[in-house]
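Have a look at the structure below before the remarks.
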Amino acid sequence: MVPAALSEAIATDRASGKIPVAVVGTCGTTNTGSVDPLDALSDICEAENLWFHVDGAYGGSVVLSDRAEVARGIKRADSIVWDGHKWLYQIYGCALVLVKDVRTLLAAYSAGREYLQDVAGLGQDPEWWDMGPELIRPARGPLLWLTLQVAGTKAMREMVTVSRFGLRSALNSSCASRLSWRWSLRRASRL
């Protein structure tokens, strides 16, 4: 995304009576690994009072790698989607939506359910069913937590770095010409 073009589109929309509410930046698209200038998009969203969401489903794990600088600005997002089943060696469907303020999820999804009256408000923490559209969901989060506890963040960083950047290094090295396969790196991505 080109920041100047985004600013122009916001101004054009407002001039025509439309009300922009959000901007979705990408941190590693699935097909090309492209990363938007997240810091610049954050600046625009803050100035324009717009929600800034980052789609990091594929590339969000780069923040754990030795190439974390690629995702500079991701911490400023209001929300991030991140799939643990892509680079973090988790089962399919292990995905996260991270928000700066949990009250956002509570305002969007919390609804009174008379059949939950006996358990509502028992703890200090918000209830899981009030933070998403599903009342009951598979417990995939503990698997990611357990992986991080057992392997540790250092090992995860190494695995993400090697799994994503190791093949490219091999293809870019002088030994690539000796490989029997006819591989070529058509275009380098940022991830």
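Overview of values
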read-out: Distance (nanometres) between label positions extended 7 Å along Cα→Cβ at residue 4 and residue 146; value: 5.3
read-out: Built amide H within the under 5 Å cut-off of residue 95, gap 5+; value: 84
read-out: Residue-level accessible surface for residue 65, protein heavy atoms, 1.4 Å, Å²; value: 10
read-out: The range 1-108: translational diffusion in µm²/s, Stokes-Einstein, Kirkwood Rh over Cα pairs, 4 °C, 1.567 mPa s; value: 88
read-out: Inter-probe distance in nm under a simple model that places probes 7 Å from Cα toward Cβ, at residue 103 and residue 76; value: 2.3
read-out: Calculated FRET efficiency for the pair residue 163/residue 31, C-beta based, R₀ 22 Å, to 0.05; value: 0.80
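The values are calculated or read from the model by the stated rules, or taken from the named source; none is laboratory data. On a predicted model such as this, the values are computed, not experimentally measured, just so you know. A quick note on method: Cβ atoms are made from the backbone with ideal geometry, for glycine too, and the neighbour counts reach across all protein chains shown. Calculation scope for accessible area: heavy atoms of the full protein, side chains included, ligands and nucleic acids excluded. Shrake-Rupley method; radii C 1.70, N 1.55, O 1.52, S 1.80 Å.
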